[in-house]
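Inspection log for the structure reproduced underneath, given as structure tokens.
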Amino acid sequence: MNKNNYCVIMAGGIGSRFWPMSRTEHPKQFIDILGTGETLIQQTYNRFKKICPEENIYIVTNKIYKELTKTQLLGITDEQIICEPTMRNTAPCIAYANYKIANKNPNANIIVAPSDHLILKENEFIRVMNLALDYTSKHNDLVTLGITPTRPDTGYGYIQFSENSPSEIKPVKMFAEKPTLEKANEFIASGDFCWNSGMFIWNLNTIQTAFEKLLPSIDQLFKKGIGKYNTPSEHEFIQEIYPICESISIDYGIMESSSNVHVISADIGWSDLGT
């Protein structure tokens, strides 16, 4: 297993779409919704242990879920739980994780994934992720995992890719918001669209360069903490800067504005369980 492979699991959501089963104090990622004997975050964590060294898996979550995370993920250390003092969407939490990982390993290749997705075809998922990690270790591209669509679903965002590329990892032409049914049917019929899964793969240098260029205000805030990450000074620093950090998604802030985005479309038996 490659020691440069890292995973950042985003687990800060309150799971409002699964209310009343999912509540603020115990959101859906910490619930065994499917009756499998494992909660969603446990399934996600165990899946990534087959791709990354266990010590290279980080959980980003709200500070109120730290103890719940430790209870459910018995192999996790305090250092691997990245606690957000307040919710600030996905770009700030990814920037925070980047700087913590950079302090440990500047050669890291990183997967970013939500904690609450269902993946039925695990072997195919592992194959695709390893392929993407190998690619990003050699190319300065931002890669997103696309899902081969099975129906004209209006609940997902879509990604259009270049059909001319012979590789499984194809250049992205455009991102599309959740479409009307008519537009979704057009996307499916065209054969060059996939669903946007919200999972990303990149090397540390590429994503940090993207933050410097496209979200400089966020990057500058976290850059001030160099020398404090993974030390006792980190907590106070994060408490100070997080509330003033811009709240923006990684999709809108970086992926949709970058020219070096690629997608690998796969059939992994995926659902985000939100609909």
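Table for the structure above
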quantity	calculated
Members of the stretch 179-211 that are under 16 Å from the mean Cα position of the chain (by Cα) and not in a strand (DSSP E or B)	Leu204, Thr206, Ile207, Gln208, Ala210, Phe211
Hey, Ile51 aliphatic (A, V, I, L, M) and touching a Cys at 6+ places or on another chain (Cβ under 9 Å) or not	yes
Pick from the stretch 61-92, criterion over 16 Å from Ile41 (Cα atoms) and among the hydroxyl-bearing types (Ser, Thr, Tyr), ranking: modelled with the lowest pLDDT	Thr86
Count of residues meeting criterion [under 24 Å from Asn5 (Cα atoms), of a type in the set (Lys, Arg) and in a helix (DSSP H, G or I)] in the stretch 35-72	3
Within the stretch 236-261, tally of residues that are open to solvent by 30 Å² or more (accessible area, probe 1.4 Å) and not in a loop (DSSP other than H, G, I, E, B)	9
Unique match (being in contact (Cβ under 8 Å) with a residue 40 or more places away in the chain and out of contact with any helix residue (DSSP H, G or I) (no Cβ under 7 Å at 6 or more places or on another chain)) among Asn230, Asn205	Asn205
Residue list for the stretch 208-218, restricted to those being over 18 Å from Ala108 (Cα atoms) and either aromatic (Phe, Trp, Tyr) or in contact with a helix residue (DSSP H, G or I) (Cβ under 6 Å, 6 or more places away or on another chain) (or both)	Leu214, Leu215, Ile218
Residue check, Ser233 more than 16 Å from Pro149 (Cβ to Cβ) and surrounded by fewer than 19 Cβ atoms within 10 Å (Cβ to Cβ)	yes
Members of the stretch 77-123 that are loosely packed, with under 15 Cβ neighbours inside 10 Å and closer than 21 Å to Ile169 by Cα	Lys121, Glu122, Asn123
Positions within the stretch 29-60 being within 15 Å of the chain's Cα centre (by Cα), modelled with pLDDT under 95 and farther than 21 Å from Val128 by Cα, in sequence order	Gln29
One residue from Thr148, Thr136, Thr144 being open to solvent by 10 Å² or more (accessible area, probe 1.4 Å) and either touching a Lys or Arg at 6+ places or on another chain (Cβ under 6 Å) or touching a residue at least 12 places away in the same chain (Cβ under 8 Å) (or both)	Thr148
Residues that are within 13 Å of Leu221 (Cα to Cα) and not small (Gly, Ala, Ser), drawn from the stretch 70-93	Pro92, Cys93
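The values are calculated or read from the model by the stated rules, or taken from the named source; none is laboratory data. A quick note: this is a predicted structure, and the numbers were derived from the prediction, not measured. A quick note on method: Cβ atoms are made from the backbone with ideal geometry, for glycine too, and the neighbour counts reach across all protein chains shown. Quick note on the areas: whole protein, heavy atoms, side chains included, nothing else; ligands and nucleic acids left out. Shrake-Rupley method; radii C 1.70, N 1.55, O 1.52, S 1.80 Å.
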